[in-house]
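Below: one structure, written as C-alpha cells.
The values are calculated or read from the model by the stated rules, or taken from the named source; none is laboratory data. This one's a predicted model, so the numbers in the text were calculated from it and none came from an experiment. Ideal geometry is used to build each Cβ from the backbone, glycine not excepted, and the neighbour counts take in all protein chains shown. Each accessible area value is taken on the protein alone, full model and side chains, heavy atoms only, with ligands, DNA and RNA left out. Shrake-Rupley method; radii C 1.70, N 1.55, O 1.52, S 1.80 Å.
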Amino acid sequence: MTEQQADPQVAIVAEQPLEFDDPAADKPTPEEVAAAEQKEVEAEQEIKRLVTLPEPTNGGAPGWVKIPKGMRFPKGRQIIFVRFRAEWTSTPKKGYEIEGEPGLWRQAICWDMSIGDQKLGLQRSVGDPNRQVDEFAKQMVRAIDGAVVDWSGMPGAGSIDVWWEEIGPRCRSSMHRIFGQLHTLSKEQMAYFFESCIAVRSAG
C-alpha cells in the first residue's frame, strides 16, 4: 500500500482525457481554396486598375484644369492632366483652390516626349542614370499650375525646377509612374508584341 492510498485525506482522481486539434478538420475545402484564389486575383486587378492610366477619351480638358492662355496641344497625342492635393506635397500651404473641392491643389499638363525632348533630358542628366529618371519625367511636363513650363532656371510661375521640388517625393514618384506607363507598353501589350508581332527566320 502506498502513502497516497494509506492517507484518507488524499482523493484519487482519474486522469482527464486531452483533446487534440484535428489537422484534417482545419484543411480548407477545394471550394474555399478556389474562393480565396479568386479573391486574390480580384484584389490584384483592383490595385492594377487604381495605379494604371485611364483609357484616353475624346473631349476637352477637365473643369479643374488651369490651361495657360494661348496654349496649343499637339494633335494625335495623349494629353495627361494631373492634379495633386497640396497636402501630399512638400509645400502643403501652397496651391490654388478648385471649386467644389476641399483644400489647395497643384497641377500639371503632360504629353509624351519627342526625340528632341529625349535629347534635352539626356543632356540635363549628364550621364547619371539616376538623374535621368527625374529629367525624363520632368521633360514630359508642359504646363504647371496654369503657367507654361519655363526651363530657364529663373524663379517664376512656370519654373519646372521649383515646382518639381515643391511637389515633394511622393508626387514625384507618381510622375515617374505616369512617365513609365506613357512611354512603355503594358505587360499585356508586350506579351502580344513578342507573340504576334515578331517573325524570326534562320538565313541559309
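Say each of Tyr192 and Asn130 gets a label point 7 Å from the Cα, pointing the same way as Cα to Cβ; how far apart are those two points in nm?
It is 3.8 nm.
Grab the beta carbon distance between Thr91 and Glu40, set R0 = 35 Å, and tell me the FRET efficiency rounded to 0.05.
My answer for the efficiency is 0.35.
Enumerate lysine pairs in the chain that are 8 or more residues apart or on different chains, then count those whose Cα atoms are under 28 Å apart.
Going through the chain pair by pair, I get 21.
At Val33 and Gln16, where each label point lies 7 Å from the Cα along Cα→Cβ, what is the point-to-point distance in nanometres?
Here the answer is 3.7 nm between the modelled labels.
Tell me the angle of helix 115-125 to the major Cα principal axis of the chain, expressed in degrees between 0 and 90 and rounded to the nearest ten.
The angle comes out near 70 degrees.
Rounded to the nearest 0.05, what FRET efficiency do Thr57 and Leu120 have when you use their Cβ-Cβ distance and R0 = 22 Å?
Result of the calculation: an efficiency of 0.15.
Relative contact order of the chain: what whole-number percent is it, with Cα pairs under 8 angstrom and at least 6 residues apart?
16 percent
Based solely on its DSSP helices, what 222 nm [θ] is calculated for the chain when runs of n ≥ 4 H residues each add -39,500 (n - 2.57) and the sum is averaged over all residues, nearest 500 deg cm²/dmol?
Per the formula, -12500 deg cm²/dmol.
Could you work out the local net charge near His183, counting Lys and Arg as +1, Asp and Glu as -1, over the other residues with Cβ closer than 14 Å to its Cβ?
My count for the surroundings of His183 gives 0.
Once the Cα atoms of helix 129-139 and of the chain are each reduced to a long axis, what angle between those two axes, in degrees from 0 to 90 to the nearest 10, is obtained?
Helix 129-139 sits at roughly 60 degrees to that axis.
Helix 30-50 against the longest principal axis of the chain: what's the angle in degrees, Cα atoms only, rounded to the nearest 10?
Approximately 20 degrees, to the nearest 10.
If eta is 1.567 mPa s and T is 4 °C, what Stokes-Einstein diffusion coefficient results for the chain, Kirkwood Rh from Cα pairs, in µm²/s?
It diffuses with D of about 58 µm²/s by this estimate.
About the Cα centre of segment 71-117, how large is the charge dipole given +1 on each Lys and Arg Cβ and -1 on each Asp and Glu Cβ? Please answer in debye to the nearest 20.
Around 120 debye, computed over segment 71-117.
In the chain, what percent of the accessible surface is made up of carbon and sulfur (1.4 Å probe, ligands and nucleic acids excluded)?
Carbon and sulfur: 54 percent of the exposed surface of the chain.
Can you figure out the FRET efficiency of Ala203 with Arg177, using R₀ = 35 Å and their beta-carbon distance, to the nearest 0.05?
After rounding to 0.05, the efficiency reads 0.25.
State log₁₀ I(q)/I(0) for segment 74-190 at q = 0.10, 0.11, 0.16, 0.19 Å⁻¹ as given by the Debye formula over alpha-carbon point scatterers of equal weight, solvent excluded.
-0.31, -0.37, -0.78, -1.08
Springs between alpha-carbon atoms under 10 Å, Gaussian network over the chain: tell me which of Val148, Val126, Val33 tops the mean-square fluctuations.
Of Val148, Val126, Val33, the most mobile in the Gaussian network model is Val33.
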